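Below is one structure, written out as C-alpha coordinates, with a few remarks after it.
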Amino acid sequence: MKNSLITNKIRYFRFHKDEMTQQQLADKAGVTRQTIHHIETGKYSPSLELAFKIAKEFEAPLEDIFQYNL
Amino acid sequence: MSFKEKSVLGSLILTVIVFSYYFIKVFRITETSVLDIATGTFYFIGAVVLMVLLDIILHIVLTISNKHESNQINDERDTLIELKATRISYYVLVFGIFSVGISLIFSYNPLFLVNLILLFFVIAEIVGFSMQLYFYRKGV
(Lines give C-alpha, C1' and ligand atoms only; values in the text may rest on other atoms or scores of the structure.)
Protein backbone atom coordinates (compact mmCIF):
# COMPACT_ATOMS: atom_id res chain seq x y z
CA MET A 1 0.00 0.00 0.00
CA LYS A 2 1.59 3.33 -1.06
CA ASN A 3 1.95 6.06 1.52
CA SER A 4 -0.52 8.94 1.30
CA LEU A 5 0.27 12.49 0.20
CA ILE A 6 -0.65 13.70 3.67
CA THR A 7 2.30 14.04 6.01
CA ASN A 8 2.16 14.98 9.66
CA LYS A 9 4.18 16.13 12.63
CA ILE A 10 2.38 14.12 15.29
CA ARG A 11 5.64 12.57 16.47
CA TYR A 12 7.12 16.07 16.93
CA PHE A 13 4.06 17.39 18.76
CA ARG A 14 3.93 14.32 21.02
CA PHE A 15 7.57 14.83 21.93
CA HIS A 16 6.92 18.45 22.87
CA LYS A 17 3.90 17.56 24.96
CA ASP A 18 5.82 15.87 27.78
CA GLU A 19 6.77 12.98 25.51
CA MET A 20 3.19 11.85 25.24
CA THR A 21 2.92 8.19 24.23
CA GLN A 22 0.96 6.92 21.24
CA GLN A 23 -1.39 5.14 23.67
CA GLN A 24 -2.10 8.37 25.58
CA LEU A 25 -2.91 10.23 22.37
CA ALA A 26 -5.01 7.29 21.16
CA ASP A 27 -7.03 7.26 24.38
CA LYS A 28 -7.70 11.01 24.11
CA ALA A 29 -8.66 10.79 20.43
CA GLY A 30 -10.81 7.68 20.95
CA VAL A 31 -8.89 5.39 18.61
CA THR A 32 -6.46 2.49 18.98
CA ARG A 33 -2.71 2.91 19.41
CA GLN A 34 -2.22 1.12 16.10
CA THR A 35 -4.25 3.79 14.32
CA ILE A 36 -2.05 6.56 15.72
CA HIS A 37 1.04 4.56 14.68
CA HIS A 38 -0.29 4.13 11.14
CA ILE A 39 -1.13 7.85 10.88
CA GLU A 40 2.38 8.79 12.05
CA THR A 41 4.01 6.48 9.54
CA GLY A 42 1.78 7.72 6.70
CA LYS A 43 0.01 4.40 6.19
CA TYR A 44 -3.39 5.81 7.07
CA SER A 45 -4.99 9.19 6.44
CA PRO A 46 -7.32 10.10 9.31
CA SER A 47 -10.83 11.43 8.84
CA LEU A 48 -11.33 15.16 9.22
CA GLU A 49 -12.99 14.57 12.58
CA LEU A 50 -10.04 12.58 13.94
CA ALA A 51 -7.56 15.12 12.52
CA PHE A 52 -9.39 17.91 14.38
CA LYS A 53 -9.41 15.85 17.60
CA ILE A 54 -5.64 15.37 17.35
CA ALA A 55 -5.10 19.07 16.59
CA LYS A 56 -7.29 20.03 19.55
CA GLU A 57 -5.27 17.74 21.81
CA PHE A 58 -2.07 19.54 20.82
CA GLU A 59 -3.79 22.96 20.92
CA ALA A 60 -2.42 23.73 17.46
CA PRO A 61 -3.98 24.61 14.09
CA LEU A 62 -4.76 21.65 11.86
CA GLU A 63 -2.33 22.76 9.14
CA ASP A 64 0.55 22.85 11.62
CA ILE A 65 0.11 19.14 12.26
CA PHE A 66 -1.04 17.85 8.86
CA GLN A 67 0.38 18.91 5.51
CA TYR A 68 -0.77 17.99 2.01
CA ASN A 69 2.16 17.51 -0.40
CA LEU A 70 1.33 17.54 -4.10
CA MET B 1 0.29 -8.01 16.59
CA SER B 2 -2.83 -6.22 17.84
CA PHE B 3 -5.92 -7.86 19.35
CA LYS B 4 -7.90 -7.24 16.15
CA GLU B 5 -5.24 -8.87 13.99
CA LYS B 6 -5.05 -11.90 16.30
CA SER B 7 -8.85 -12.15 16.23
CA VAL B 8 -8.99 -12.03 12.42
CA LEU B 9 -6.06 -14.46 12.06
CA GLY B 10 -7.70 -16.88 14.50
CA SER B 11 -11.02 -16.75 12.65
CA LEU B 12 -9.19 -17.27 9.34
CA ILE B 13 -7.35 -20.35 10.62
CA LEU B 14 -10.53 -21.80 12.14
CA THR B 15 -12.52 -21.23 8.95
CA VAL B 16 -9.84 -22.92 6.84
CA ILE B 17 -9.50 -25.93 9.17
CA VAL B 18 -13.20 -26.54 9.92
CA PHE B 19 -14.51 -26.05 6.39
CA SER B 20 -11.60 -27.86 4.71
CA TYR B 21 -12.51 -30.88 6.83
CA TYR B 22 -16.21 -30.41 5.98
CA PHE B 23 -15.67 -30.15 2.21
CA ILE B 24 -13.18 -33.04 2.10
CA LYS B 25 -15.69 -35.18 3.99
CA VAL B 26 -18.69 -34.18 1.85
CA PHE B 27 -16.97 -34.41 -1.54
CA ARG B 28 -15.43 -37.78 -0.60
CA ILE B 29 -18.92 -39.11 0.11
CA THR B 30 -20.18 -37.82 -3.25
CA GLU B 31 -17.28 -39.61 -5.00
CA THR B 32 -18.23 -43.03 -3.71
CA SER B 33 -21.99 -42.76 -3.13
CA VAL B 34 -24.90 -40.35 -3.26
CA LEU B 35 -24.98 -37.76 -0.50
CA ASP B 36 -28.47 -37.75 1.00
CA ILE B 37 -30.03 -34.63 2.52
CA ALA B 38 -29.95 -35.96 6.12
CA THR B 39 -26.20 -36.70 6.01
CA GLY B 40 -25.41 -33.44 4.22
CA THR B 41 -27.44 -31.42 6.73
CA PHE B 42 -25.80 -33.28 9.64
CA TYR B 43 -22.29 -32.46 8.43
CA PHE B 44 -23.22 -28.87 7.63
CA ILE B 45 -24.82 -28.16 11.03
CA GLY B 46 -21.91 -29.96 12.70
CA ALA B 47 -19.39 -27.75 10.90
CA VAL B 48 -21.29 -24.54 11.74
CA VAL B 49 -21.73 -25.47 15.43
CA LEU B 50 -18.05 -26.49 15.68
CA MET B 51 -17.01 -23.24 14.01
CA VAL B 52 -19.11 -21.13 16.42
CA LEU B 53 -17.86 -23.02 19.49
CA LEU B 54 -14.20 -22.80 18.47
CA ASP B 55 -14.61 -19.09 17.63
CA ILE B 56 -16.10 -18.44 21.09
CA ILE B 57 -13.25 -20.35 22.80
CA LEU B 58 -10.67 -18.52 20.66
CA HIS B 59 -12.08 -15.11 21.59
CA ILE B 60 -12.30 -15.99 25.30
CA VAL B 61 -8.61 -16.99 25.24
CA LEU B 62 -7.67 -13.85 23.28
CA THR B 63 -9.65 -11.62 25.65
CA ILE B 64 -7.99 -13.15 28.73
CA SER B 65 -4.51 -12.78 27.23
CA ASN B 66 -5.13 -9.22 25.94
CA LYS B 67 -7.32 -7.64 28.64
CA HIS B 68 -6.47 -4.01 27.83
CA GLU B 69 -6.87 -4.20 24.06
CA SER B 70 -9.97 -6.38 24.07
CA ASN B 71 -12.02 -3.55 25.61
CA GLN B 72 -11.32 -1.25 22.68
CA ILE B 73 -14.18 -0.55 20.35
CA ASN B 74 -13.77 -0.50 16.57
CA ASP B 75 -12.32 2.82 15.50
CA GLU B 76 -12.58 4.43 12.06
CA ARG B 77 -9.55 2.54 10.70
CA ASP B 78 -10.98 -0.83 11.77
CA THR B 79 -14.31 0.07 10.13
CA LEU B 80 -12.59 1.14 6.89
CA ILE B 81 -10.53 -2.07 6.80
CA GLU B 82 -13.65 -4.18 7.33
CA LEU B 83 -15.52 -2.31 4.58
CA LYS B 84 -12.68 -2.66 2.05
CA ALA B 85 -12.19 -6.35 2.84
CA THR B 86 -15.94 -6.99 2.63
CA ARG B 87 -16.09 -5.30 -0.79
CA ILE B 88 -13.38 -7.61 -2.14
CA SER B 89 -14.96 -10.73 -0.64
CA TYR B 90 -18.29 -9.64 -2.15
CA TYR B 91 -16.73 -9.79 -5.66
CA VAL B 92 -15.53 -13.34 -4.93
CA LEU B 93 -19.00 -14.34 -3.74
CA VAL B 94 -20.70 -12.81 -6.80
CA PHE B 95 -18.26 -14.64 -9.09
CA GLY B 96 -19.06 -17.86 -7.24
CA ILE B 97 -22.82 -17.41 -7.50
CA PHE B 98 -22.53 -16.75 -11.25
CA SER B 99 -20.34 -19.84 -11.63
CA VAL B 100 -22.94 -21.95 -9.82
CA GLY B 101 -25.63 -20.47 -12.08
CA ILE B 102 -23.64 -21.42 -15.19
CA SER B 103 -22.95 -24.93 -13.82
CA LEU B 104 -26.75 -25.45 -13.73
CA ILE B 105 -26.62 -25.70 -17.53
CA PHE B 106 -24.42 -28.82 -17.32
CA SER B 107 -25.80 -30.66 -14.30
CA TYR B 108 -28.50 -30.38 -11.71
CA ASN B 109 -27.82 -31.96 -8.34
CA PRO B 110 -29.40 -29.75 -5.63
CA LEU B 111 -27.16 -30.94 -2.78
CA PHE B 112 -24.02 -30.54 -4.87
CA LEU B 113 -25.09 -27.03 -5.89
CA VAL B 114 -25.82 -26.05 -2.28
CA ASN B 115 -22.34 -27.23 -1.29
CA LEU B 116 -20.81 -25.39 -4.25
CA ILE B 117 -22.51 -22.14 -3.12
CA LEU B 118 -21.29 -22.82 0.43
CA LEU B 119 -17.77 -23.40 -0.92
CA PHE B 120 -17.74 -20.01 -2.64
CA PHE B 121 -19.18 -18.41 0.49
CA VAL B 122 -16.33 -19.89 2.57
CA ILE B 123 -13.74 -18.83 -0.04
CA ALA B 124 -15.20 -15.30 0.07
CA GLU B 125 -14.90 -15.34 3.89
CA ILE B 126 -11.28 -16.52 3.67
CA VAL B 127 -10.48 -13.80 1.14
CA GLY B 128 -12.20 -11.24 3.40
CA PHE B 129 -10.16 -12.28 6.46
CA SER B 130 -6.95 -12.36 4.41
CA MET B 131 -7.57 -8.89 3.02
CA GLN B 132 -8.26 -7.57 6.53
CA LEU B 133 -4.89 -8.95 7.66
CA TYR B 134 -3.23 -7.41 4.59
CA PHE B 135 -4.73 -3.98 5.28
CA TYR B 136 -3.82 -4.17 8.98
CA ARG B 137 -0.20 -4.93 8.06
CA LYS B 138 0.34 -2.78 4.98
CA GLY B 139 -1.99 0.11 5.72
CA VAL B 140 -5.25 1.22 4.19
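The values are calculated or read from the model by the stated rules, or taken from the named source; none is laboratory data. Note that this is a predicted model, so its numbers are computed, not measured. Every residue, glycine as well, gets a Cβ built from its backbone with ideal geometry; the counts of neighbours run over all protein chains shown.
When A:Glu49, A:Glu63 are checked against the criterion of being farther than 22 Å from B:Tyr134 by Cα, free of Cβ contacts under 8 Å to residues at least 12 places away in the same chain and within 14 Å of chain B (Cβ to nearest Cβ), A:Glu49 stands alone in meeting it. Each residue in the range A:3-19 was checked for being under 22 Å from B:Leu133 (Cα atoms) and more than 9 Å from chain B (Cβ to nearest Cβ), and 0 pass.
Has the range B:120-132 got at least one residue that is in contact (Cβ under 8 Å) with a residue 12 or more places away in the chain and within 14 Å of chain A (Cβ to nearest Cβ)? Yes, there is a match, as at least one residue in the range B:120-132 is in contact (Cβ under 8 Å) with a residue 12 or more places away in the chain and within 14 Å of chain A (Cβ to nearest Cβ).
Restricted to helices (runs of 4 or more DSSP H) entirely inside the range B:1-93, those with at least 3 residues that are surrounded by 13 or more Cβ atoms within 10 Å (Cβ to Cβ) are B:3-32, B:37-65. Beta carbons closer than 6 Å, at least 6 apart along the sequence or on distinct chains, never pair a first residue in the range B:14-30 that is more than 17 Å from B:Pro110 (Cβ to Cβ) with a second that is modelled with pLDDT of 90 or more and exposed (fewer than 15 other Cβ atoms within 10 Å of the Cβ). Residues in the range A:20-31 that are assigned to a loop (DSSP other than H, G, I, E, B) and either touching a Cys at 6+ places or on another chain (Cβ under 7 Å) or within 12 Å of chain B (Cβ to nearest Cβ) (or both): A:Gly30, A:Val31.
For the range A:32-70, a residue qualifies if it is aliphatic (A, V, I, L, M) and part of a helix (DSSP H, G or I), and the qualifying residues are A:Ile36, A:Ile39, A:Leu48, A:Leu50, A:Ala51, A:Ile54, A:Ala55, A:Leu62, A:Ile65. Among the residues making up the range B:75-115, those that are within 14 Å of chain A (Cβ to nearest Cβ) and without any contact (Cβ under 8 Å) to a residue 12 or more places away in the chain are B:Asp75, B:Glu76, B:Thr79, B:Leu83.
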